[in-house]
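K.L.:
Take this structure, written in structure tokens, and hold onto it; I'll ask about it next.
The values are calculated or read from the model by the stated rules, or taken from the named source; none is laboratory data. Note that this is a predicted model, so its numbers are computed, not measured. In this analysis, Cβ positions are derived from the backbone assuming ideal geometry, glycine residues included, and neighbour counts consider all displayed protein chains. These area figures cover heavy atoms from the full protein model, side chains too; ligands, DNA and RNA do not enter into them. Shrake-Rupley method; radii C 1.70, N 1.55, O 1.52, S 1.80 Å.
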Amino acid sequence: MNLPPAPVAGTRPLSVSTGSPRGPRRSRAAVLGESVLEWVIRLCGISAILFVFGIFFFVLREGVGFLFGGLKLGEFFFSTEWYPTSLSNVRYGVLALIVGTFSVTGLAMLIAVPFGLGAAIFVSEFCSDRWREGLKILIELLAAIPSVVWGFIGISVMNPLIQEVFHVPVGLNVLNGALLLALMSVPIMVSIGEDALKAVPDSFREASLAMGATRWQTVRRVLLPAAKNGLLAAILLGVGRAVGETMAVLMATGHAVNIPKSPFDPVRTLTATIAAELGEASVGSPHYQVLFIIGILLFTITFAVNLVADLVVKGTAKG
Amino acid sequence: MTVATASAATDQEGTGIETRELCLWYGDFQALRSVTLSIRRGLITSLIGPSGCGKTTLLRCFNRVNERYGYVRTTGEIRIHGKNIYDPDVSLVELRKSIGMVFQRPNPLPLSIYENVVFGLRIHRPRSELGKTKLDEAVERALGEVGLWHALKDRLKSPATELQLEQQQKLCIARLIPTEPEVILMDEPCSALDVEGTRAIEELMWSLRGRYTIVIVTHNMAQARRASDESIFMLLGEIVEHRRTEDLFLNPRDQRTAEYVEGRYG
Ligand SMILES: Nc1ncnc2c1ncn2[C@@H]1O[C@H](COP(=O)(O)OP(=O)(O)OP(=O)(O)O)[C@@H](O)[C@H]1O
Ligand SMILES: [Mg+2]
């Protein structure tokens, strides 16, 4: 710590020495208060690290026993047979769940990336100030909708809509989940993407406009290349949000362990499986432990995505 | 798009930029007051005056970049090579293509050196016209003209933002050349450069003189004397005096000009 030297108990009254131009003399209470405050802030920072490691450790501890004793990793990763409660032949293959997660997330991103980045570009470059504020509030509102409510919308709005529009018997499927996830990850993409565009110095815009570029040409030829790291990070954070989302996809994707062949097939994701089954698995049983191993897998995926996003943003700072 | 810009409609008299009763307001604040002047074609004209007198504002009227801000209002007339640039049939794109601007801080685009130079071509010409040889030629010619070709020809793909400031500023001039502007506006182009860089840019301006109408804003009196044919002295949004540079500096007509060029305020 580099606190200023403690004030010398003075020949002069403290109240005077506080404001003295002679040197950094302050009352003892102020110095003490500051160092206490500094420690509190430090603790808050450290606690964040502790929580992350704590959670990781807890999840790992619950699952690690079975991970190294009993679980067949080959079956785990490459089998689509998920029968954790079968009496005669228990099988723990999560391939279908992994594919489920990635198909919903992938389709969600196909929808969300153009919308999210388009909205970010619109808000930051084409909007009048008044519109911008309104839109940002609206987008933040979108981010504040709880995921159960999204699940509701999936069941009661999207489901009949998909049946009607695409003439399919069931509307609870990959497409439904993907639409919800897209709507849920657009806000984060818009706000991070807008920040990235705002961070491009105005002198670039002026240079381009003064050369006779239109606003759209300026966006495409100057701003997108200049902000590409930030925009990529926006996308990745959206992906992270989508991979980890549970409740809405649990409700909207049909809950069938299944490798989808089209967007209209029902699936089940890793997250939905944990949420649906953990309550029923008896504590410490292999089923219970496998669910925790799935947790570790999810943790690893989102951690990797966020790490990459982070590194990408650092790349911006350097470039 | 037709290239029916000023150049087509040009008569060869000596006037490059003409303004009549030009007034400009930033919100309620009037930054230009009835500016009427006539800048001669093909010469270098410097705009001098104390800080805040409206030099930058006036310069930015000539390519209408002031209009980026919603709260700017302009009245009066600006004719560039005979054409009123506020006429409704004027396209901003074509106008800005024929009027290049160099900024106070060098602002190369965050692209490669090569792409900076061909940026104008890319936005103004259809892709079918942009063969590789044509672009390469344009780059060599433009960089050659500003004296950067030999220094940079082996690293055209590296980012322009990594160059030294002086080279960046030269590049900002070079990138105007491929689209063949008629006017080049410079807003204190040397204020971020050292003595060497300043001299290099001034030499460059002289080498461009004649082919382009150049207007340069400067705070540096010595630079105005060295590097311009005519000078315009502004004060509080008005034109005080506009004469040949020698005359303006050696025997100014207006008391205020005299005081300024003697360095009594500024
Ligand atoms: N974007 C703006 N919004 C509001 N007022 C502005 C804006 N730009 C300039 N002004 C005001 O207009 C006046 C003229 O500014 P301008 O930048 O044209 O002066 P200048 O002569 O270029 O000064 P300097 O030598 O410092 O660059 C100043 O009083 C300034 O405060
Ligand atoms: Mg200025």
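K.L.:
Report yes if some residue within the range B:77-84 is more than 25 Å from residue B:246 (Cβ to Cβ) and within 16 Å of ligand 1 (Cβ to nearest atom); otherwise report no.
P.N.:
yes
K.L.:
Looking for something farther than 30 Å from residue A:264 by Cβ, away from chain B (no Cβ under 14 Å) and crowded, with 17+ Cβ neighbours inside 10 Å - is there at least one such residue anywhere in the range A:140-149? Reasoning before the result, please.
P.N.:
Step one: list which residues in the range A:140-149 are farther than 30 Å from residue A:264 by Cβ, which gives A:140-141, A:144.
Keeping just the survivors that are away from chain B (no Cβ under 14 Å) gives A:140-141, A:144.
Next, from what is left, pick out any that are crowded, with 17+ Cβ neighbours inside 10 Å: none.
No, that holds for no residue.
K.L.:
Right, another one. Scan the range A:203-246 for residues that are within 7 Å of chain B (Cβ to nearest Cβ) and either farther than 19 Å from residue A:122 by Cβ or more than 30 Å from the chain's Cα centre (by Cα) (or both) and report the count.
P.N.:
Matching residues across the range A:203-246 total 12.
K.L.:
Follow-up question, since we're still on this one. Looking at the range B:91-107, is at least one residue touching a Ser or Thr at 6+ places or on another chain (Cβ under 6 Å), crowded, with 20+ Cβ neighbours inside 10 Å and part of a loop (DSSP other than H, G, I, E, B)?
P.N.:
We begin by selecting, within the range B:91-107, every residue touching a Ser or Thr at 6+ places or on another chain (Cβ under 6 Å); these are B:94, B:97-98, B:104, B:107.
Filter once more, so that each one left must be crowded, with 20+ Cβ neighbours inside 10 Å: B:97-98, B:107.
From the residues that got through so far, the ones that are part of a loop (DSSP other than H, G, I, E, B) too are B:107.
Yes, the range B:91-107 contains a residue that is touching a Ser or Thr at 6+ places or on another chain (Cβ under 6 Å), crowded, with 20+ Cβ neighbours inside 10 Å and part of a loop (DSSP other than H, G, I, E, B).
K.L.:
Moving to a separate point now. Applying the selection to the range A:236-280, what residues are hydrophobic (A, V, I, L, M, F, W, C), touching a Phe, Trp or Tyr at 6+ places or on another chain (Cβ under 9 Å) and part of a loop (DSSP other than H, G, I, E, B)?
P.N.:
A:257, A:264, A:278
K.L.:
Would you mind telling me which numbered condition in (1) within 15 Å of ligand 1 (Cβ to nearest atom); (2) closer than 22 Å to residue B:229 by Cβ; (3) open to solvent by 40 Å² or more (accessible area, probe 1.4 Å) residue B:67 fails?
P.N.:
For residue B:67, the exception is condition (2).
K.L.:
Here is a further query. Inside the range B:123-155, can you point out the residues that are outside any helix (DSSP H, G or I) and over 20 Å from residue B:200 (Cβ atoms)?
P.N.:
From the range B:123-155, those outside any helix (DSSP H, G or I) are B:125-126, B:130-131, B:146-148, B:153-155; that's our starting set.
Across the range B:123-155, the qualifying residues are B:125, B:126, B:130, B:131, B:154.
K.L.:
Let me ask you something else. Go through the range A:164-179 and count every residue that is open to solvent by 50 Å² or more (accessible area, probe 1.4 Å), outside any loop (DSSP other than H, G, I, E, B) and of a type in the set (Val, Ile, Thr).
P.N.:
Residues that pass the stated criteria total 1.
K.L.:
Go through (1) open to solvent by less than 10 Å² (accessible area, probe 1.4 Å); (2) away from ligand 2 (no atom under 16 Å from the Cβ); (3) within 14 Å of another protein chain (Cβ to nearest Cβ) one by one and return the number of the condition residue B:111 breaks.
P.N.:
Result: residue B:111 passes all but (1).
K.L.:
Kindly state which strands (runs of 3 or more DSSP E) lie completely within the range B:24-89 and contain at least 1 residues that are modelled with pLDDT of 90 or more and over 25 Å from residue B:252 (Cβ atoms).
P.N.:
Fully inside the range B:24-89 and qualifying: B:29-40, B:72-80.
K.L.:
Residue check: is residue B:221 within 16 Å of ligand 2 (Cβ to nearest atom) and touching a Cys at 6+ places or on another chain (Cβ under 8 Å)?
P.N.:
Considered against the rule, which asks whether it is within 16 Å of ligand 2 (Cβ to nearest atom) and touching a Cys at 6+ places or on another chain (Cβ under 8 Å), residue B:221 comes out as no.
K.L.:
If you check residue B:257 against the conditions, is it in contact (Cβ under 8 Å) with a residue 40 or more places away in the chain and of a type in the set (Ser, Thr, Tyr)?
P.N.:
Spelling it out, it is not the case that residue B:257 is in contact (Cβ under 8 Å) with a residue 40 or more places away in the chain and of a type in the set (Ser, Thr, Tyr).
K.L.:
Taking only pairs six or more apart or across chains, which ones have beta-carbon atoms under 7 Å, a first residue in the range B:64-82 that is away from chain A (no Cβ under 11 Å), and a second residue that is open to solvent by less than 40 Å² (accessible area, probe 1.4 Å) and in a loop (DSSP other than H, G, I, E, B)?
P.N.:
Sorted first by the residue in the range B:64-82, then by its partner, the pairs are B:78/B:85; B:80/B:6; B:81/B:6; B:81/B:10; B:81/B:182; B:82/B:6; B:82/B:10.
K.L.:
Among the candidates B:96, B:141, which residue alone is away from chain A (no Cβ under 14 Å) and among the basic types (Lys, Arg)?
P.N.:
Answer to the selection: B:141.
One line per residue, one yes/no per condition, for (1) aliphatic (A, V, I, L, M); (2) touching a residue at least 12 places away in the same chain (Cβ under 8 Å); (3) not in a helix (DSSP H, G or I):
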{"position": "B:169", "(1), (2), (3)": "no, yes, no"}
{"position": "B:173", "(1), (2), (3)": "yes, yes, no"}
{"position": "B:184", "(1), (2), (3)": "yes, yes, yes"}
{"position": "B:191", "(1), (2), (3)": "no, yes, yes"}
{"position": "B:198", "(1), (2), (3)": "no, yes, no"}
{"position": "B:206", "(1), (2), (3)": "no, yes, no"}
{"position": "B:213", "(1), (2), (3)": "no, yes, yes"}
{"position": "B:219", "(1), (2), (3)": "no, yes, yes"}
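K.L.:
Also, quick follow-up: Any residue in the range A:121-137 that is within 17 Å of the chain's Cα centre (by Cα) and away from chain B (no Cβ under 14 Å)?
P.N.:
no
K.L.:
Additional query: Just a yes or no: is a residue in the range B:123-137 within 9 Å of chain A (Cβ to nearest Cβ) and buried (at least 23 other Cβ atoms within 10 Å of the Cβ)?
P.N.:
no
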